[in-house]
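The values are calculated or read from the model by the stated rules, or taken from the named source; none is laboratory data. Since the model is a prediction, treat every value here as computed from it, not as a measurement. In this analysis, Cβ positions are derived from the backbone assuming ideal geometry, glycine residues included, and neighbour counts consider all displayed protein chains. For accessibility, only protein heavy atoms count, side chains too; no ligands or nucleic acids. Shrake-Rupley method; radii C 1.70, N 1.55, O 1.52, S 1.80 Å.
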Amino acid sequence: MRLLSMFSRNLPSMGIYFLFVLPPFLLGLYAQWKVKSSFAAMAKVPARMSGAEAARRMLDRAGLQSIGIERVAGKLSDHYDPRAKVLRLSEDVYSGRSMAALGVACHEAGHAFQDAQHYAPLVVRNIAVPAANFGSGIGATLLFIGAIMSFQPLMWIGVILFSAVVFFQVVNLPVEFNASSRAREHLVEYGLITAQEERYVAKVLNAAALTYVAATLQSIMTLAYYLLILTSGRRSD
């Protein structure tokens with residue numbers, strides 16, 4: 001078959017598959033472990049209030065009383081829903097009275113701040129979400145179907161669609177970093193924690209930041225590998 005012959009004539013591209021994919025994959029595993037271990041460690045450091053209370057005070061001080069806070073199931077399933085204007089916090093964060101809970105809850109409150117202020121990277125990220133969701137599901141499929149059919153235009157369409165995932169991940173980095181920065185700043189500014197306690201919150205948020213970096217690197221390296229497959233196929237014609 002064309003696909004098999006294309007790959008067999010380009011063994012170097014297959015041979016360096018793990019060079020493209022394995023390092024970011026391992027970084028992603030490490031980042032996930034780091035988040036869980038940091039959250040568990042900082043969950044043992046007590047705080048004067050729960051994550052939900054801290055987020056509520058942070059939102060109220062900024063004039064965002066209309067933003068709701070709800071419990072959701074799951075572990076570290078916390079997120080801000082810009083459509084419903086609601087912070088959704090996992091039980092450990094919502095009710096937890098720890099530095100870990102405060103850090104995660106107020107990070108999500110930071111996204112509400114961004115939304116209220118029309119923070120440009122957040123606006124771009126929200127616009128990119130549908131394209132990224134579509135591209136992540138069908139991009140690789142079209143690439144390999146195009147290879148089987150020996151139809152490079154279809155392969156290019158697959159790569160272009162997947163590039164929406166890369167764009168989303170790259171834009172997402174400043175959004176997440178900024179939300180963490182806001183959380184750390186306002187927790188101290190509003191007197192929710194002391195300046196000395198900020199380092200505990202930072203441990204959780206810095207670990208979370210590593211997951212965003214890993215996800216971005218994974219998408220970039222995957223796109224690079226897809227491009228290598230495509231260009232190797234053109235050279236073999």
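Quick notes
- Hits in region 204-215 (condition: of a type outside the set (G, A, S) and crowded, with 20+ Cβ neighbours inside 10 Å): V204, L205
- Taking region 176-220 as the range and being among the β-branched types (V, I, T), more than 24 Å from L26 (Cα to Cα) and either touching a residue at least 24 places away in the same chain (Cβ under 8 Å) or assigned to a helix (DSSP H, G or I) (or both) as the test, the residues that pass are V188, I193, V201.
- Residue count for region 58-107, restricted to those that are among the charged types (D, E, K, R) and either in contact with a helix residue (DSSP H, G or I) (Cβ under 7 Å, 6 or more places away or on another chain) or in a loop (DSSP other than H, G, I, E, B) (or both): 7
- I157 meets the conditions (1) touching a helix residue (DSSP H, G or I) at 6+ places or on another chain (Cβ under 6 Å); (2) β-branched (V, I, T); (3) open to solvent by less than 50 Å² (accessible area, probe 1.4 Å) in every case but one. The failed one is (3).
- Residue in region 91-99 that is of a type in the set (G, A, S) and either in contact with a Cys (Cβ under 6 Å, 6 or more places away or on another chain) or surrounded by fewer than 20 Cβ atoms within 10 Å (Cβ to Cβ) (or both) present: yes
- L230 among the aliphatic types (A, V, I, L, M) and part of a helix (DSSP H, G or I): yes
Results for (1) in contact with a Lys or Arg (Cβ under 8 Å, 6 or more places away or on another chain); (2) at pLDDT 95 or above; (3) farther than 21 Å from A179 by Cβ; (4) surrounded by fewer than 18 Cβ atoms within 10 Å (Cβ to Cβ), shown as yes or no for each residue.
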position	(1), (2), (3), (4)
Y17	no, no, yes, yes
L22	no, no, yes, yes
F25	no, no, yes, yes
E53	no, yes, no, no
R57	no, yes, no, no
Q65	no, yes, no, yes
I69	yes, yes, no, no
K75	no, no, no, yes
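- Any hit, region 103-116, residues being farther than 30 Å from A41 by Cβ and either within 17 Å of the chain's Cα centre (by Cα) or not hydrophobic (A, V, I, L, M, F, W, C) (or both): yes
- Any pair with Cβ under 9 angstrom, 6 or more apart, that starts in region 32-52 at a residue that is over 11 Å from M99 (Cβ atoms) and ends at one that is of a type in the set (A, V, I, L, M, F, W, C) and open to solvent by 30 Å² or more (accessible area, probe 1.4 Å): K34/L210; V35/L76; V35/L210; K36/L76; A52/I69
- Evaluation of F162 against (1) at pLDDT 95 or above; (2) buried (at least 20 other Cβ atoms within 10 Å of the Cβ) (one fails), failing number: (1)
- Filtered residue count, region 134-159, keeping only those that are out of contact with any Leu (no Cβ under 8 Å at 6 or more places or on another chain) and either within 15 Å of A224 (Cα to Cα) or in a helix (DSSP H, G or I) (or both): 5
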